[in-house]
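Here is the structure we will look at, set down as structure tokens.
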Amino acid sequence: ERATPSSCGKNDYDLLVIGGGSGGLACSKEGEVFTDETECISLCLTGTKWGLGGTCVNVGCIPKKLMHQAALLGTAVKDAKMYGWQIPDTVSHDWPTMAEAVHNHVKSLNWGHRVQLQDKKVKYMNLKGSLVDEHTVRGLSKAGKETILTAKNIVIATGGRPKYPTNIPGAAEHGITSDDIFWLKKSPGKTLVVGASYVALECAGFLKGIGLDTTVMVRSIALRGFDQQMAGLVTDYMEAHGTRFAWKSVPNRVDKLSSGALQVTWTDTQTGSEHKDTFDSVLWAVGRAPETKALGLDKLGVQLNKETGKIVVGPDESTSVPNIYAFGDIGEGRPELTPTAIKAGKLLARRLAGQSTELMNYDNVPTTVFTPLEYSCVGLSEEEAEKRHGKDGIEIYHAFYKPLEFTVAERDASQCYIKVVCEQGGTGKILGLHFTGPNAGEVAQGFAVGFQCGATYSHLIQTVGIHPTCAEEVVKVHITKRSG
Amino acid sequence: MGRSWSRMSLSRVFMMWEMAHRLVLRRLWTLSVNDIRCLPTSTASVASSCYSTSLQSSTTRVSFLSPSRSLPRALPHTSRREVSFNVQDSEDFTERVINSELPVLVDFHAQWCGPCKILGPRLEKAVAKQKGRVAMAKVDIDDHTDLAIEYGVSAVPTVIAMRGGDVVDHFVGIKDDDELDSFVSKVIGQ
């Protein structure tokens, strides 16, 4: 069905969004602002087998957080004994029960998004989109049927997919990625997680937390791009709680044994020695990349970053081709986060409708890594602050602390830590705030508002703490790193 | 539809035309009911209907349009007489719900919806009590998303009562046995 040409000029749609994830949905739903006269507003195309919602809903944030919660509850059950609860000595976890509950919630979100598209009068087609020219998109159905659509503005928000290693025999045939782990019907069993990104550590975290034998294989450093002191605390906690780490190691090959188990051979690059072990599952978490080839971008001359394959975008999410925009995970240099994709998508729709000129602000974006010991941060890492302001240009306040809840439970709080990186002298403006501890995301959200308002160290210590909480320790920091 | 028109009996020609017309009418209908809110719920066990809490559900404007039908229903159909059945596809829905001689309760449900699992059996019981005077069609909204969207389903469970191809009543969420009995009686009685 096409809208009448007279109502939208020569194109079928004002706004055509390829991608039905966090960004694509937010952008097309905001397309309501174009006009409420005709159906000539926005269209959303998705080409995956998942329901609406993209990575976040189907194989990312949502199932991740729910499984992280499952793991935390396991720890809570153990703590409960110290608080007087009469709990049997061994408590075990049933993967299928958790998986079914998680899948049910994800499906309810898929449906909810479908209803929202309908409510916002967004036309939705389950087709795999590719570009024909700067105003034309070809949509391919699962059955192979082609639909040609034209639009004044085309927005690409197709995100990324997990990468498989290309040089390791058996990697693709026998290994899985984050796309698979959340949808396994049976427990993955003894698992090797290859990688040390937040995806790798979060997955390893909940797998260990529900009682599975888990090993993390790290090529060089953990949580690249994050403050490395904080990354160390995160991995220290995981190691202290039973996760095995194979540091500075790279896998050589994966073979399937007659028993069905997977045998992995790897090299310790520091010593040069070779090792092998068997696992039930091998999870590759070695990076993500967009599927730009399938989009047909090269034909149109849409500029891509050669290294990452992502689309080069301007501050207004424009690409090298007029009328074609890209945002979310697929944009080069953009944070791979749902909230930034959502916000950027909404602002883009408003700008394209001529309703606003506001650009997306990618600074001061807070984030949290949901590892067994959670880590949240907003602003610069210590390394980055040092690079920009010099070691003498910054003052770092820090403190280790012990959550009250850990005391009775006799839990180790060695890695619970706060670091506030400020400008030296002047107003002492906060450049970066880092926190490891329980509910780190909840703790940091409020501080992110202060950060956005340009809070200084004196603002921080002028704020009265809420007692007894972990968060109050942030407004009480007074010992500097400089003081030794 | 490969047969030539001249070889078909007149009654069959009329039936096919009627079905085509009905399909067109179905496309034109929108469901909107004023002032019915689908409340987001926090837990399936407490709530009476399922909807994702991470989405803001605005007031769903669901009202009924009952277009007047000018088609005479003089010709008999051979429609199947199961009282409760799962809808297989769009054509199945047209044949067994739209074209049904009996009033039909359409139970829109989902695998992931706790309250749906409670309402389903209750509804079957209420329908069974009527001893063949009303039928029940079950629609899994994940399998038949377009159909559910077409009928304006937002939260589940949603039950729509149809008579002669028209929507005559509906409700969202769980009802107890007495409420269901009176709902079903009302649908039959009209």
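Only the coordinates and a few stated rules stand behind these numbers; no lab work does. Just so it is clear, the structure is predicted and the values come from calculations on it, not from any experiment. Backbone-built Cβ (ideal geometry, glycine too); neighbour counts: all protein chains shown.
Tabulated values for the structure
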item	result
Calculated from backbone phi, Karplus (6.51, -1.76, 1.60) coupling profile of segment A:416-429 in Hz, x at Gly/Pro	7, 8, 10, 9, 10, 9, 10, 6, 6, x, x, 7, x, 4
Chain A: antiparallel DSSP beta bridges as a percent of all, rounded to 5	65 percent
Segment A:303-381: GluC sites (Glu not before Pro) in DSSP loop, at most 14 other beta carbons within 10 Å	A:GLU307, A:GLU358
Test item: A:114-121 mean partner chain Cβ contacts at 10 Å	6
Within 10 Å of each Cβ in B:151-159, the average number of Cβ atoms from other chains	2
Extension gain (nm, one decimal) between A:ILE148 and A:SER259, 0.36 nm per residue minus Cα-Cα	35.0 nm
Spatially close lysines, pair count over segment B:84-188: Cα under 19 Å, gap of eight or more or interchain	12
Difference of contour (0.36 nm per residue) and Cα-Cα distance, A:MET82 to A:GLU239	54.2 nm
Of all DSSP beta bridges in segment B:84-188, antiparallel share, percent nearest 5	55 percent
For chain A, calculated [θ]222 nm from helices alone, where every DSSP H run of n ≥ 4 adds -39500 (n - 2.57)	-9000 deg cm²/dmol
Principal-axis tilt of helix A:440-452 within chain A, Cα atoms, nearest 10 degrees	60 degrees
Backbone N within segment A:55-83 under 18 Å of label point (7 Å from A:GLU410 Cα along the Cβ vector)	A:75-83
Inter-site label distance for A:SER141 and A:ARG388 at 7 Å from Cα along Cβ, in nm	5.1 nm
Distance between modelled label sites at A:THR480 and A:ASN364, nm, 7 Å Cα→Cβ extension	2.5 nm
Cleavage-rule hits (chymotrypsin sites (Phe, Trp or Tyr not before Pro)) in segment B:90-190: DSSP loop, at most 12 neighbouring Cβ within 10 angstrom	none
Fewest-first ranking of A:HIS467, A:HIS113, using other Cβ atoms within 10 Å as the exposure measure	A:HIS467, A:HIS113
Taking the convex hull of Cα positions in chain A, its mean projected area over all directions (nm²)	26.6 nm²
Protection proxy ranking, peptides A:397-404, B:114-121, A:418-425, A:56-63, average beta carbon neighbours within 10 Å, highest first	A:56-63, A:418-425, B:114-121, A:397-404
Chain lengthening between A:ASP133 and A:LYS65 when straightened (0.36 nm per residue, less Cα-Cα)	20.5 nm
Segment A:89-96 - phi-based ³J(HN,Hα) in whole Hz, Karplus 6.51/-1.76/1.60, Gly and Pro as x	4, 10, 10, 10, 10, 10, 4, x
Positive-pole candidate from B:ILE98, B:GLN111, B:VAL159, dipole of segment B:84-188, charges at beta carbon	B:VAL159
Label-point separation in nm, A:ASP268 to A:SER458, each point 7 Å along Cα→Cβ	5.4 nm
Rounded if a/c under 1.5, otherwise prolate or oblate - segment B:84-188, Cα gyration tensor axes	oblate
Segment A:87-162-segment A:223-292 distance, computed between alpha-carbon centres (Å)	30 Å
Estimated FRET transfer efficiency when R0 is 35 angstrom, pair B:ILE188-A:MET125 (beta carbons, to 0.05)	0.30
